[in-house]
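Undergrad: Once you've had a glance at the structure underneath, I'll fire off some questions.
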Amino acid sequence: MTFTVTEVDLYLAKLPLVRPFTTSSHTKDTMEHILIRVRTADGTEGWGESASPADPYYCAETTETCWHLLRDFLAPALVGRSWERAEQAGALWAKVRGNNFAKAGIEMACWDLEARARGVSVARLLGGDEARPAIESGVSLGIEPSPAALLEQVDRAVAEGYKRIKMKIGPGHDVEYVAAVRAKYPDLPVMADANSVYTLADVEIMRRLDHFGLMMIEQPLGNDDIIDHATLQKELQTPLCLDESIHSLDDCRKALDMDAGRIINIKVSRLGGLAEARRVHDLCRSRGIPVWCGGMHEFGTGRAANVAINSLPGFTLPGDVSSYHERYREDLVEPPVVAYQGMMPVPLDRPGLGHDIVPARLEAATVRHARIGGVLV
Ligand code: OSB
Ligand code: MG
């Protein structure tokens, strides 16, 4: 089977979060992601999502840089070119440096297109584990104004059945908050994510966190660092997990060689697509390094891609793949991406990503549209 995309549509869509979310860098209450539809001449389509934050505080990309890259470089590189496998689509924009969130969205659309054309799910196309019809779902909780307010969120998440809790931490919202969660839930799988806010000068805080039996501490140090993380890992029993620092298979190999972390957060967006995410999974699996699937508050399309990659056998830890209603009132897809008692079904037998855009909902959320190829609007 050969695919030639003739038309790429970009939809900048905005959805309000059901409750504001605070990380060590900032608070937000609305998300703006780009939905991408690719179409071939026979009308087969595929959907993807670039889930970059609107602001450059998690990484250097923003929604607007993604729009620019998609409209001016990535979609033009795809339109009119033939390919056979979505895993090869990335080669079409190999010259483009960085901009992984933008790349991930359009590559995801190619996977969805290929899977729909073949009548299989993206999970199966990726090599998802047939014996795993559902994956363990964890949830990421933002920084709250007090330990008591955080505990309310933990209580709610535990009642919903999530299999592990990730809590965001930052200076002034770390040891005391983790201690409060541990005092109430001594055995709950809990981890902490610092989003790069500490430095090696904060090693004492890290040593204190080391006493709480956390599953891991995620990205305590610099957003591009692996060297200081390797230094810190030597001081701690708790495994470090890398998120922001790992942009590619090469980054992952170097970090593992240095023992800069003992767990990897695989984010489809941060790695520039499903193919690179799978390569990182394969490397970690071959080295016995556990991985889990990270998220960026994706809408349904990106969330479905997370579920698909999370179905690979090396994802042995619950990820940040929670129900869409953790973040949004109404999503853009049907069926909605929802976990039941902490288990998220993998739509192994639905074509493509398995969750279809509802056009009227997308239209209501869209604030800008562009088309590359086809008929210009
Ligand atoms: O570090 O994983 C992160 C959200 C925004 C920026 C960075 C991160 C996050 C999350 C979200 O943790 C996880 C989720 O989508 O539930
Ligand atoms: Mg993180």
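The values are calculated or read from the model by the stated rules, or taken from the named source; none is laboratory data. Since we're looking at a predicted model, the values are computed, not measured. Note that each Cβ is placed from the backbone with ideal geometry, even for glycine, and that neighbours are counted across all protein chains shown. These area figures cover heavy atoms from the full protein model, side chains too; ligands, DNA and RNA do not enter into them. Shrake-Rupley method; radii C 1.70, N 1.55, O 1.52, S 1.80 Å.
Undergrad: Dipole size in debye (nearest 20) for the chain around its Cα centre, Lys and Arg Cβ +1, Asp and Glu Cβ -1?
TA: Rounded to the nearest 20 debye, it is 500 debye.
Undergrad: Roughly how much of Val96 is accessible, in Å² to the nearest 10, using a 1.4 Å probe?
TA: Solvent-accessible area, nearest 10 Å²: 30 Å².
Undergrad: What spacing in nm lies between the two simple spin-label points modelled at Arg182 and Glu204, each 7 Å away from Cα in the Cβ direction?
TA: Going by the 7 Å Cα→Cβ label model, 1.8 nm.
Undergrad: Among Thr65, Trp83, Tyr177, pick out the residue whose Cα is farthest towards the positive end of the charge dipole of the chain, where Lys and Arg carry +1 and Asp and Glu carry -1 on C-beta, about the Cα centre.
TA: Trp83
Undergrad: While we're on this one: Taking the Cβ-Cβ separation of Val96 and Ala149 as r and a Förster radius of 41 Å, what is the calculated FRET efficiency to the nearest 0.05?
TA: For R0 = 41 Å, the calculated efficiency reads 0.45.
Undergrad: Could you work out how far helix 147-160 tilts from the main Cα principal axis of the chain, as a 0 to 90 degree angle to the nearest 10?
TA: The angle comes out at about 50 degrees.
Undergrad: Hey, which lysines would be in cross-link range of Lys95, C-alpha to C-alpha under 17 Å, not counting anything within fewer than 8 residues on its own chain?
TA: Filter leaves Lys103.
Undergrad: Output the antiparallel fraction of DSSP beta bridges having both residues in the chain, as a percent to the nearest 5.
TA: Close to 65 percent.
Undergrad: Stretched out fully, how many nm does the piece from Thr44 to Glu330 gain, at 0.36 nm a residue minus the Cα gap? Can you show the working numbers first?
TA: Numbers: separation 286, 0.36 × 286 = 102.96 nm, distance 2.62 nm.
Residue separation times 0.36 nm, minus the Cα-Cα distance, leaves 100.3 nm.
Undergrad: Taking the Cα centre of segment 125-345 as origin, sum charge times position over the Cβ atoms of Lys and Arg (+1) and Asp and Glu (-1), and report the length of that vector in debye to the nearest 20.
TA: That gives segment 125-345 a dipole magnitude of about 420 debye.
Undergrad: State the number of lysine pairs found in segment 125-345 whose Cα atoms come within less than 25 Å, restricting to pairs 8 or more positions apart or on distinct chains.
TA: For segment 125-345, the number of qualifying lysine pairs is 10.
Undergrad: Another question about this same structure. At a probe size of 1.4 Å, how large is the accessible area of Asp250, to the nearest 10 Å²?
TA: 80 Å²
Undergrad: Provide the per residue accessible area, probe 1.4 Å, for the chain, rounded to a whole number of square angstrom.
TA: About 38 Å² of surface per residue is accessible.
Undergrad: With θ set to phi - 60°, apply the Karplus curve 6.51 cos²θ - 1.76 cosθ + 1.60 along segment 81-92 and write out the HN-Hα couplings as whole Hz, x wherever there is a Gly or Pro.
TA: Here the 3J(HN,Hα) series is 9, 9, 8, 10, 10, 4, 5, 8, 4, x, 4, 5 Hz.
Undergrad: Quick one: work out the % antiparallel among DSSP beta bridges in segment 125-345, nearest 5.
TA: Looking only at bridges with both residues in segment 125-345, the antiparallel portion is about 20 percent.
Undergrad: Moving to a separate point now. Starting from the residue with the highest accessible area, list Lys184, Lys103, Lys95 in decreasing order, probe 1.4 Å.
TA: On the way: Lys184 105, Lys103 25, Lys95 185 Å².
Descending accessible area places them as Lys95, Lys184, Lys103.
Undergrad: Sort out for me the Cα centre separation of segment 187-209 from segment 305-340, rounded to whole Å.
TA: Centre-to-centre distance over Cα atoms comes out at 26 Å.
Undergrad: Where is the GNM fluctuation largest for the chain (alpha-carbon springs, 10 angstrom cutoff): Ser137, Ser311, Ser248?
TA: Top of the fluctuation ranking is Ser248.
Undergrad: Going 7 Å from the Cα of Thr231 toward and past its Cβ, which residues in segment 184-215 have a backbone nitrogen under 14 Å from where you end up?
TA: 198-204
Undergrad: Now, a different point. Toward the positive end of the charge dipole of segment 125-345, about the Cα centre and with charges on Cβ (Lys, Arg +1; Asp, Glu -1), which of Cys284, Ile143, Ser269 goes farthest?
TA: The one lying farthest along the dipole's positive direction is Cys284.
Undergrad: Quick one: Cα centre-to-centre distance for segment 110-153 and segment 77-106, in angstrom?
TA: 23 Å
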